[in-house]
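Written out below as structure tokens is the structure these notes cover.
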Amino acid sequence: MKTIGLIGGMSYESTIEYYRIINELVNERLGGLKSAKMLIESYDFSIIENLQTKNDWDNLGLILADSAKKLETLGADFIAIATNTMHYVAPFVKKNIKIPLIHIVQATLNQIKRKNHDCVCLLGTKYTMSLPFYKEILEDNNIKVIIPKDEDKEVINDIIYNELCVGIINKESKDKLLSIIETCSKLGASAAVLGCTELPNIIKKAPIDLIDTTKAHCIEIVDRILA
């Protein structure tokens with residue numbers, strides 16, 4: 001078994017899920033008392049969020065690249081960033097390490113293709129929905145991407161940062177998210193990409209299929225460390 005270097009803490013809620021799912025998948029495949037070999041670098045998310053608010057992606061890239069290099073030095077065979085939004089700086093991180101980076105959008109694309117969807121809506125932080133990195137990768141692979149309207153982006157973003165990142169699950173917020181998904185379904189989306197690693201904690205079922213990016217990423221990670 002190879003060792004995964006996980007860059008987490010963005011937020012701690014989703015990193016908990018990564019740790020749980022990766023270990024559960026390894027145990028399902030290998031049985032007994034088997035669990036994953038994992039190194040975790042976890043941040044004070046308030047520092048990351050502050051830099052995101054300032055659109056200081058250069059410094060964010062430097063921070064994550066430094067963590068990736070540290071994990072590589074400690075013996076990681078692969079790097080995974082346990083969040084969707086911070087994959088905006090994944091190309092910079094990848095350039096600064098010699099080991100592979102397992103990309104969440106590629107994992108999501110693989111899951112979309114397995115389920116034979118050609119039109120999806122993308123929910124996530126306002127950065128994930130507005131910056132081009134997510135949409136471009138999917139559309140370059142012939143997947144049409146519907147982005148919620150601007151006011152809905154703000155609603156989703158507020159729910160993520162003010163509630164989900166600190167473990168708050170609110171029924172009213174869940175209903176708002178489901179309503180946004182339903183609106184996108186009327187525009188042609190056959191699946192909703194939960195493009196924030198906290199969103200699967202609140203959305204379990206919807207009017208259309210759900211693409212759980214956390215689970216998709218964890219499957220790719222386990223495939224690689226057990227290959």
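The values are calculated or read from the model by the stated rules, or taken from the named source; none is laboratory data. Because the structure is a prediction, the values reported are computed rather than measured. A quick note on method: Cβ atoms are made from the backbone with ideal geometry, for glycine too, and the neighbour counts reach across all protein chains shown.
Scan the stretch 70-100 residue by residue and report those that are under 20 Å from the mean Cα position of the chain (by Cα), of a type in the set (V, I, T) and farther than 20 Å from M1 by Cα. T83, T85, V89, V93 - these are the residues of the stretch 70-100 that are under 20 Å from the mean Cα position of the chain (by Cα), of a type in the set (V, I, T) and farther than 20 Å from M1 by Cα.
Within the option set D158, D150, being over 28 Å from D44 (Cβ atoms), at pLDDT 95 or above and out of contact with any helix residue (DSSP H, G or I) (no Cβ under 7 Å at 6 or more places or on another chain) holds for one residue only, D150.
Out of T15, T83, one residue alone is assigned to a helix (DSSP H, G or I), outside the structural domain of E198 (by TED's automatic domain parsing) and under 19 Å from H217 (Cβ atoms). It is T15.
In summary, strands (runs of 3 or more DSSP E) completely within the stretch 86-195 and bearing 3 or more residues that are buried (at least 17 other Cβ atoms within 10 Å of the Cβ) and among the hydrophobic types (A, V, I, L, M, F, W, C) occur at 119-123, 191-194.
Figure legend. Inter-residue proximity from the stretch 186-209: first residues farther than 20 Å from N84 by Cα, second residues acidic (D, E), beta-carbon distance below 7 Å, spacing 6+ or different chains. Indicated pairs: S190/D209; P207/E182. Considering the conditions (1) in the same structural domain as E220 (by TED's automatic domain parsing); (2) within 25 Å of I143 (Cα to Cα), Y127 is excluded by exactly one of them, (1).
Does the stretch 122-141 contain at least one residue that is closer than 23 Å to D44 by Cα and of a type in the set (K, R)? Yes, the stretch 122-141 has at least one match.
Yes/no matrix, rows are residues, columns are (1) among the hydroxyl-bearing types (S, T, Y); (2) touching a residue at least 60 places away in the same chain (Cβ under 8 Å); (3) crowded, with 16+ Cβ neighbours inside 10 Å; (4) in contact with a Gly (Cβ under 7 Å, 6 or more places away or on another chain):
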site: G5; (1), (2), (3), (4): no, yes, yes, no
site: M10; (1), (2), (3), (4): no, yes, yes, no
site: S14; (1), (2), (3), (4): yes, yes, yes, no
site: E24; (1), (2), (3), (4): no, no, no, no
site: G31; (1), (2), (3), (4): no, no, no, no
site: K34; (1), (2), (3), (4): no, no, no, no
site: M38; (1), (2), (3), (4): no, no, yes, no
site: S42; (1), (2), (3), (4): yes, no, no, yes
site: I48; (1), (2), (3), (4): no, no, yes, no
